[in-house]
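Structure, as C-alpha coordinates:
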Amino acid sequence: MVPVDDYLRSVVPEEMPVDWPAEAIKAQSVAARSFALASRGRHASEGYDLCTTTHCQLYTGTAAEKSASNAAIKATRGEVLTYGGKPIEALFHTDSGGMTENSEDVWGSHVPYLRAAKDTPAKTMPWTKTISRADLERKLAAKGHDIGKVRSVALSPLAIGRAAKDRTASGRVKTMTVKGTKGTATLSGTTWRSLLGLKSTLFDAKLAKDMVTFTGYGFGHGLGISQWGAERMAAKGKSYADILHHYYTGITLQQLY
(Lines give C-alpha, C1' and ligand atoms only; values in the text may rest on other atoms or scores of the structure.)
Protein backbone atom coordinates (compact mmCIF):
# COMPACT_ATOMS: atom_id res chain seq x y z
CA MET A 1 0.00 0.00 0.00
CA VAL A 2 1.52 3.33 -1.10
CA PRO A 3 0.17 6.49 0.66
CA VAL A 4 -1.34 8.94 -1.86
CA ASP A 5 1.28 11.69 -1.57
CA ASP A 6 4.16 9.17 -1.77
CA TYR A 7 2.54 7.76 -4.90
CA LEU A 8 2.25 11.28 -6.40
CA ARG A 9 5.99 11.86 -5.95
CA SER A 10 6.56 9.39 -8.79
CA VAL A 11 3.41 10.19 -10.83
CA VAL A 12 3.71 13.98 -11.13
CA PRO A 13 7.25 14.18 -12.64
CA GLU A 14 6.29 11.39 -15.09
CA GLU A 15 3.23 13.38 -16.22
CA MET A 16 4.67 16.93 -16.42
CA PRO A 17 8.20 18.36 -16.98
CA VAL A 18 9.65 19.53 -13.65
CA ASP A 19 11.31 22.62 -15.17
CA TRP A 20 7.85 24.09 -15.87
CA PRO A 21 6.42 26.93 -13.71
CA ALA A 22 5.64 25.84 -10.13
CA GLU A 23 1.93 26.80 -10.39
CA ALA A 24 1.46 24.43 -13.35
CA ILE A 25 3.12 21.59 -11.42
CA LYS A 26 0.90 22.35 -8.39
CA ALA A 27 -2.20 22.18 -10.64
CA GLN A 28 -0.99 18.84 -12.01
CA SER A 29 -0.37 17.60 -8.44
CA VAL A 30 -3.91 18.44 -7.30
CA ALA A 31 -5.39 16.90 -10.48
CA ALA A 32 -3.32 13.71 -10.04
CA ARG A 33 -4.29 13.46 -6.34
CA SER A 34 -7.99 13.94 -7.21
CA PHE A 35 -7.76 11.36 -9.99
CA ALA A 36 -6.05 8.84 -7.69
CA LEU A 37 -8.73 9.25 -4.99
CA ALA A 38 -11.59 9.15 -7.53
CA SER A 39 -10.16 5.99 -9.08
CA ARG A 40 -9.77 3.98 -5.89
CA GLY A 41 -11.02 0.47 -6.53
CA ARG A 42 -10.50 0.71 -10.30
CA HIS A 43 -8.55 -2.56 -10.16
CA ALA A 44 -10.29 -3.95 -7.07
CA SER A 45 -10.84 -7.31 -8.75
CA GLU A 46 -7.06 -7.64 -9.05
CA GLY A 47 -6.55 -6.63 -5.41
CA TYR A 48 -5.27 -3.06 -5.83
CA ASP A 49 -6.59 0.42 -6.62
CA LEU A 50 -4.59 1.79 -9.54
CA CYS A 51 -2.26 0.34 -12.17
CA THR A 52 1.11 1.88 -13.06
CA THR A 53 0.45 2.58 -16.75
CA THR A 54 -1.28 5.43 -18.60
CA HIS A 55 -4.55 3.44 -18.15
CA CYS A 56 -4.50 5.03 -14.68
CA GLN A 57 -1.38 7.15 -14.16
CA LEU A 58 2.29 6.47 -14.88
CA TYR A 59 4.07 5.24 -11.75
CA THR A 60 7.67 4.05 -11.80
CA GLY A 61 8.64 4.21 -8.12
CA THR A 62 10.91 6.43 -6.04
CA ALA A 63 13.61 6.70 -8.75
CA ALA A 64 11.38 9.13 -10.67
CA GLU A 65 11.14 11.65 -7.81
CA LYS A 66 12.29 15.24 -8.45
CA SER A 67 12.65 18.11 -5.97
CA ALA A 68 10.44 20.55 -7.96
CA SER A 69 7.50 18.14 -8.11
CA ASN A 70 8.02 17.05 -4.47
CA ALA A 71 7.78 20.74 -3.49
CA ALA A 72 4.52 21.17 -5.48
CA ILE A 73 3.01 18.05 -3.86
CA LYS A 74 4.01 19.29 -0.40
CA ALA A 75 2.65 22.81 -1.08
CA THR A 76 -0.76 21.36 -2.03
CA ARG A 77 -0.80 18.53 0.53
CA GLY A 78 -4.30 17.11 1.04
CA GLU A 79 -5.89 19.43 -1.56
CA VAL A 80 -8.44 17.75 -3.81
CA LEU A 81 -10.94 18.81 -6.48
CA THR A 82 -14.48 17.76 -5.68
CA TYR A 83 -17.85 17.95 -7.43
CA GLY A 84 -20.98 17.14 -5.45
CA GLY A 85 -18.73 16.35 -2.49
CA LYS A 86 -16.75 13.60 -4.27
CA PRO A 87 -13.21 13.70 -5.73
CA ILE A 88 -13.35 14.20 -9.50
CA GLU A 89 -11.81 12.14 -12.26
CA ALA A 90 -9.42 14.96 -13.10
CA LEU A 91 -8.39 14.11 -16.64
CA PHE A 92 -5.62 15.88 -18.50
CA HIS A 93 -3.99 15.82 -21.94
CA THR A 94 -0.90 17.32 -23.56
CA ASP A 95 -2.34 20.26 -25.53
CA SER A 96 -5.89 21.33 -26.41
CA GLY A 97 -5.04 23.04 -29.70
CA GLY A 98 -7.11 26.06 -28.61
CA MET A 99 -10.14 24.61 -26.81
CA THR A 100 -10.82 21.63 -24.56
CA GLU A 101 -13.78 19.30 -25.07
CA ASN A 102 -17.14 18.33 -23.53
CA SER A 103 -16.98 14.80 -22.12
CA GLU A 104 -19.95 13.45 -24.07
CA ASP A 105 -18.18 14.27 -27.35
CA VAL A 106 -15.27 12.01 -26.41
CA TRP A 107 -16.79 9.43 -24.05
CA GLY A 108 -20.47 9.63 -24.90
CA SER A 109 -21.39 10.43 -21.30
CA HIS A 110 -22.06 13.89 -19.83
CA VAL A 111 -19.71 14.73 -16.95
CA PRO A 112 -20.69 18.14 -15.50
CA TYR A 113 -17.14 19.25 -14.63
CA LEU A 114 -15.62 18.22 -18.00
CA ARG A 115 -16.91 21.11 -20.17
CA ALA A 116 -15.22 22.74 -23.15
CA ALA A 117 -12.97 25.66 -22.17
CA LYS A 118 -11.24 28.12 -24.54
CA ASP A 119 -7.46 28.39 -24.47
CA THR A 120 -5.29 31.21 -25.76
CA PRO A 121 -3.49 31.20 -28.04
CA ALA A 122 -5.43 28.89 -30.37
CA LYS A 123 -3.95 26.56 -33.02
CA THR A 124 -1.21 25.33 -30.72
CA MET A 125 0.90 22.24 -31.46
CA PRO A 126 0.13 22.04 -35.20
CA TRP A 127 0.62 18.67 -36.89
CA THR A 128 0.23 17.11 -40.32
CA LYS A 129 -0.14 13.50 -41.36
CA THR A 130 -0.39 12.23 -44.92
CA ILE A 131 -1.52 8.75 -45.87
CA SER A 132 -1.96 7.18 -49.29
CA ARG A 133 -5.41 6.48 -50.61
CA ALA A 134 -4.48 2.76 -50.85
CA ASP A 135 -3.38 2.73 -47.19
CA LEU A 136 -6.68 4.34 -46.13
CA GLU A 137 -8.61 1.72 -48.14
CA ARG A 138 -6.60 -1.09 -46.51
CA LYS A 139 -7.10 0.24 -42.98
CA LEU A 140 -10.85 0.62 -43.52
CA ALA A 141 -11.19 -2.86 -45.05
CA ALA A 142 -9.30 -4.37 -42.08
CA LYS A 143 -11.93 -2.81 -39.81
CA GLY A 144 -14.78 -4.31 -41.86
CA HIS A 145 -15.45 -1.26 -44.06
CA ASP A 146 -14.63 -2.43 -47.56
CA ILE A 147 -15.71 0.65 -49.51
CA GLY A 148 -13.61 -0.02 -52.62
CA LYS A 149 -11.56 2.81 -54.08
CA VAL A 150 -11.79 6.07 -52.08
CA ARG A 151 -13.56 8.78 -54.10
CA SER A 152 -14.14 11.60 -51.59
CA VAL A 153 -13.73 12.70 -47.98
CA ALA A 154 -16.60 14.72 -46.47
CA LEU A 155 -15.80 16.99 -43.50
CA SER A 156 -16.78 20.59 -42.65
CA PRO A 157 -13.82 23.00 -42.50
CA LEU A 158 -12.25 23.35 -39.05
CA ALA A 159 -12.95 26.51 -37.03
CA ILE A 160 -11.81 26.25 -33.41
CA GLY A 161 -14.73 26.87 -31.05
CA ARG A 162 -17.36 26.47 -33.75
CA ALA A 163 -19.69 23.46 -33.94
CA ALA A 164 -21.09 21.98 -37.16
CA LYS A 165 -23.23 18.94 -37.87
CA ASP A 166 -20.07 16.82 -38.01
CA ARG A 167 -18.06 18.83 -35.45
CA THR A 168 -18.32 19.35 -31.69
CA ALA A 169 -18.47 22.63 -29.73
CA SER A 170 -14.67 22.89 -29.79
CA GLY A 171 -14.47 22.16 -33.51
CA ARG A 172 -13.22 18.59 -33.08
CA VAL A 173 -14.38 15.96 -35.55
CA LYS A 174 -17.60 14.28 -34.42
CA THR A 175 -17.87 12.20 -37.60
CA MET A 176 -16.09 12.06 -40.93
CA THR A 177 -17.42 10.28 -44.03
CA VAL A 178 -15.32 8.62 -46.70
CA LYS A 179 -17.08 7.59 -49.91
CA GLY A 180 -15.78 4.79 -52.10
CA THR A 181 -16.72 2.97 -55.30
CA LYS A 182 -18.41 0.18 -53.26
CA GLY A 183 -19.84 2.05 -50.30
CA THR A 184 -19.47 4.69 -47.58
CA ALA A 185 -17.84 4.70 -44.15
CA THR A 186 -18.93 7.25 -41.53
CA LEU A 187 -16.81 6.88 -38.38
CA SER A 188 -16.44 8.96 -35.22
CA GLY A 189 -13.52 11.35 -34.84
CA THR A 190 -12.14 9.18 -32.02
CA THR A 191 -12.29 6.08 -34.24
CA TRP A 192 -10.49 7.89 -37.07
CA ARG A 193 -7.87 9.12 -34.61
CA SER A 194 -6.99 5.60 -33.41
CA LEU A 195 -7.34 4.00 -36.87
CA LEU A 196 -4.94 6.48 -38.50
CA GLY A 197 -2.70 7.32 -35.51
CA LEU A 198 -3.60 11.03 -35.43
CA LYS A 199 -2.50 13.27 -32.57
CA SER A 200 -5.99 14.67 -31.91
CA THR A 201 -9.49 14.92 -33.39
CA LEU A 202 -9.07 18.67 -34.02
CA PHE A 203 -8.28 18.30 -37.73
CA ASP A 204 -9.10 19.04 -41.36
CA ALA A 205 -8.85 16.37 -44.09
CA LYS A 206 -8.13 16.79 -47.78
CA LEU A 207 -8.02 14.26 -50.61
CA ALA A 208 -5.68 15.26 -53.45
CA LYS A 209 -4.34 12.93 -56.15
CA ASP A 210 -3.68 9.67 -54.32
CA MET A 211 -3.04 11.11 -50.86
CA VAL A 212 -5.20 12.15 -47.92
CA THR A 213 -3.65 14.92 -45.82
CA PHE A 214 -4.75 15.57 -42.25
CA THR A 215 -3.79 18.92 -40.69
CA GLY A 216 -4.64 19.51 -37.08
CA TYR A 217 -3.79 21.02 -33.72
CA GLY A 218 -3.24 19.83 -30.18
CA PHE A 219 -2.31 16.45 -28.77
CA GLY A 220 -4.53 14.11 -26.77
CA HIS A 221 -8.23 13.54 -26.07
CA GLY A 222 -8.96 17.16 -25.14
CA LEU A 223 -10.65 16.51 -21.77
CA GLY A 224 -9.78 18.39 -18.58
CA ILE A 225 -6.44 20.16 -18.20
CA SER A 226 -4.41 21.04 -21.26
CA GLN A 227 -0.91 20.65 -19.80
CA TRP A 228 0.68 23.12 -22.20
CA GLY A 229 -2.26 25.45 -21.55
CA ALA A 230 -1.52 25.20 -17.81
CA GLU A 231 2.13 25.97 -18.53
CA ARG A 232 1.15 29.09 -20.52
CA MET A 233 -1.33 30.25 -17.83
CA ALA A 234 1.28 29.79 -15.08
CA ALA A 235 3.90 31.65 -17.15
CA LYS A 236 1.42 34.59 -17.31
CA GLY A 237 1.15 34.65 -13.52
CA LYS A 238 -2.03 32.60 -12.97
CA SER A 239 -2.21 30.53 -9.79
CA TYR A 240 -2.76 26.78 -9.69
CA ALA A 241 -6.31 27.45 -8.39
CA ASP A 242 -6.97 29.70 -11.45
CA ILE A 243 -5.73 26.93 -13.74
CA LEU A 244 -7.89 24.25 -12.08
CA HIS A 245 -11.03 26.41 -12.15
CA HIS A 246 -10.41 27.24 -15.82
CA TYR A 247 -10.27 23.59 -16.91
CA TYR A 248 -12.80 21.98 -14.56
CA THR A 249 -16.27 23.53 -14.41
CA GLY A 250 -18.11 24.05 -11.10
CA ILE A 251 -15.57 22.23 -8.94
CA THR A 252 -14.50 22.95 -5.37
CA LEU A 253 -10.83 22.98 -4.38
CA GLN A 254 -10.85 21.62 -0.86
CA GLN A 255 -8.53 20.41 1.86
CA LEU A 256 -9.31 16.73 2.38
CA TYR A 257 -6.53 15.92 4.87
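Run the helix sum for the chain: -39,500 (n - 2.57) per DSSP H stretch of 4+ residues, divided by residue count, reported at 222 nm to the nearest 500 deg cm²/dmol.
Computed mean residue ellipticity for the chain: -8500 deg cm²/dmol.
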For labels at Thr120 and Trp107 in the simple 7 Å Cα→Cβ model, what's the distance in nm?
-> 3.0 nm
Which whole-number percent is the relative contact order of region 192-257 (Cα, under 8 Å, 6+ apart)?
-> 21 percent
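Give me the percent of Cα-Cα pairs in the chain that sit more than 29 Å apart, rounded to a whole number.
Details: 12188 of 32896 pairs.
Of all Cα-Cα distances in the chain, 37 percent exceed 29 Å.
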Let me have the relative contact order for the chain, percent, based on Cα pairs under 8 Å that are six or more residues apart.
-> 24 percent
Listed by chain and number, the lysines with an alpha carbon less than 17 angstrom from that of Lys74, same-chain partners under 8 positions apart left out, are Lys26, Lys66
Residues of type aspartates and glutamates that Lys123 reaches as a straight line, Cα spacing below 20 Å, ignoring anything fewer than 8 places off in the same chain = Asp95, Glu101, Asp105, Asp166, Asp204, Glu231
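List the relative contact order of region 101-161 as a percent without decimals, with contacts defined as Cα pairs under 8 Å and 6+ residues apart.
22 percent
Please get the size of the charge dipole for the chain, origin at its Cα centre, with Cβ charges of +1 on Lys and Arg and -1 on Asp and Glu, quoted in debye to the nearest 20.
Values: 33 positive and 24 negative charges, 229 e Å.
The calculation lands at about 1100 debye.
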Extension gain Asp146-Ala208, at 0.36 nm per residue separation less the Cα-Cα distance, in nm?
-> 20.3 nm
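Counting only DSSP beta bridges with both residues in the chain, tell me the antiparallel percent, nearest 5. Could you put the intermediate results ahead of the total?
On the way: 31 of 33 bridges.
Expressed as a percentage, antiparallel bridges in the chain total about 95.
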Show me 151-157, 184-190, 32-38 ranked by packing, highest mean number of other Cβ atoms within 10 Å first.
-> 32-38, 184-190, 151-157
Of all trypsin sites (Lys or Arg not before Pro) in region 215-257, the ones in DSSP coil with at most 11 other Cβ atoms within 10 Å are Lys236
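What length, rounded to one decimal in nm, is gained on full extension from Lys86 through to Ser132, with 0.36 nm per residue of separation minus their alpha-carbon distance?
Numbers: separation 46, 0.36 × 46 = 16.56 nm, distance 4.78 nm.
Difference between extended and current length: 11.8 nm.
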May I ask you to give the solvent-accessible area per residue for region 183-257, in square angstrom, as obtained with a 1.4 angstrom probe?
-> 44 Å²
Give the peptides 96-103, 19-26 in descending order of average Cβ contacts within 10 Å, highest first.
-> 96-103, 19-26
What percentage of the solvent-accessible surface of region 159-257, computed with a 1.4 Å probe over protein heavy atoms, is contributed by carbon and sulfur atoms?
-> 53 percent
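The values are calculated or read from the model by the stated rules, or taken from the named source; none is laboratory data. Here the structure is a predicted model, which means the values were calculated and not measured. Heads up, the Cβs are rebuilt from the backbone with ideal geometry, glycines too, and the neighbour counts pull from every protein chain shown. Calculation scope for accessible area: heavy atoms of the full protein, side chains included, ligands and nucleic acids excluded. Shrake-Rupley method; radii C 1.70, N 1.55, O 1.52, S 1.80 Å.
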